[in-house]
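These notes are about the structure you will find just below.
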Amino acid sequence: MYLPYEPWLSPGDNAWQLTAATLVGLMSVPGLVVLYGGVMQKRWSINSMMLTFGTFAIVLIVWVLWAFKMGFGHPIGSGSGFFSTFIGRPDPILGHAEEQGRANIPLLSGGMPNFKFPMSSLAYFQFVFAAITPILALGSVLGRVNFKAWIPFCALWITFVYAIDAFLLWGGGWFAHKGAIDFSGGYVIHLSAGVTGFIAAAVIGPRLQRDREIDAPNNVLMVATGAGLLWLGWNGFNGGDPYFAGAAASAAVVNTNLCTAVAFLVWVLWDYLTGRKPSLIGGVNGMITGLVVITPAAGYVNGWGAIAMGIIGSTIVYFSLNYVSRLWPFRAVDDTLGVIYTHGIAGLCGGLLVGIFADPLMRVYRGVGKTPDISAAGAIHGNWTLLKWQFFAALFVIVWSAVATFILLKLVGLFIPLRMSEENMEIGDTAEHGHEVYPSDVPSLGFPSGIPGLAGTPGETAPTTA
């Protein structure tokens, strides 16, 4: 007799996990697609959106063929030393057993979280995290990166950077074994994306001078829409990481929104205090900062800790973006959207602050059985060990992301130019993709005779609908 639910499966937990994964996916497509398409100049809107879609697609293929198991499988070595627990063995997850069998993440202790949903739910949930990371890094190199080079770079980067960071902190690797924590990716996602984007921007070189001088969004409404999708999508980002639809998920969602609201308002306050007019773009930066800062801590701090992290994180990133950016090496690198600040520095702040504010009474339920509930105590509760390992984990992510990104870019650059041609950079979307974001029926640079298929173009008639 066919049973719709396996005895071990919880329909509620499985439904929440798939919903949370979809919320995170919406942060990339359409969230960052729309945000990037609106925040860039008009002639780079199509290119920015195409790069985002392409990244999302290539990461999924790499993820199911080998990268998921590298981040959340059995260690490639034996023992408990650093190099033996550096990364998992690459394997596909496309068979019946992998897709419909019970989810598991082998840990160094020999146990595993007592998941109540299939491996396919876990794999997709972790995929949307993997996909958004290079999409965030992409924000640093918009306006000059070669589409043909970016796609293979992403495939290599997920394999040799993201999967390793994920295994070391989430998949039961060395830093996890030492006690370092990263609730939803302050280090694995945001710190690595910030560093990767900064190195990529340095290697590929700056945008055209005129793009740097006139750096105005082409559609602020699109920016606001994309930012709103990010804010609410983050409920799945942090709310899904307890892996159970329980109290820890609820607490993580409240802490996420609380920290973000505080960070947004603190950013606006600093604009007033420094003599600036608060802008939508600045407010979005404050919002993103709050979301990133709370990400490594969402389930480990209480509401007071979330408020403190919003105040501290927003202040540090605000002054970094507006003042530290004038110092070397930041002023020497054209980071298009300031990813090193709103993701790199914000992720670092959040990861270190959880080492201070983690509340041991905030417990993350992992299921009965071999694996106990997880809790953490920070420095304000008398435990300085957590902060120590948070520091060392951050140092590794920074160094590894920087070195590996540089090597991978140089490798790809041997076969495909990393930078668009100067001619295409002058023209923009019509040169790269054959159309522009706001086409019209008037003659344009890409279509001297008008846009094909639109009324008013010689030899063309307007399309009809049934």
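The values are calculated or read from the model by the stated rules, or taken from the named source; none is laboratory data. Keep in mind the model is a prediction, meaning the values are calculated, not measured. Neighbour counts run over all protein chains shown; Cβ positions are idealised from the backbone, glycine included.
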> Just a yes or no: is a residue in the range 47-68 more than 25 Å from Ala176 (Cβ to Cβ), surrounded by 24 or more Cβ atoms within 10 Å (Cβ to Cβ), small (Gly, Ala, Ser) and at pLDDT 85 or above?
Replying inline: yes
>> Checking Leu108 against (1) in contact with a strand residue (DSSP E or B) (Cβ under 9 Å, 6 or more places away or on another chain); (2) at pLDDT 70 or above; (3) not small (Gly, Ala, Ser): exactly one of these is not met. Which one?
In response: (2)
> Quick one: how many residues across the range 158-196 are surrounded by fewer than 24 Cβ atoms within 10 Å (Cβ to Cβ), part of a helix (DSSP H, G or I) and touching a Ser or Thr at 6+ places or on another chain (Cβ under 8 Å)?
Replying inline: 2
>> Report every pair of residues separated by at least 6 positions or lying on different chains whose Cβ atoms are under 7 Å apart, first residue within the range 196-208 and closer than 12 Å to Phe330 by Cα and touching a residue at least 24 places away in the same chain (Cβ under 8 Å), second among the aromatic types (Phe, Trp, Tyr) and surrounded by fewer than 23 Cβ atoms within 10 Å (Cβ to Cβ).
In response: Ile199/Phe406
> Among (1) of a type in the set (S, T, N, Q); (2) surrounded by 18 or more Cβ atoms within 10 Å (Cβ to Cβ); (3) within 24 Å of Ile158 (Cα to Cα); (4) at pLDDT 90 or above, which single condition is Thr85 missing?
Replying inline: (4)
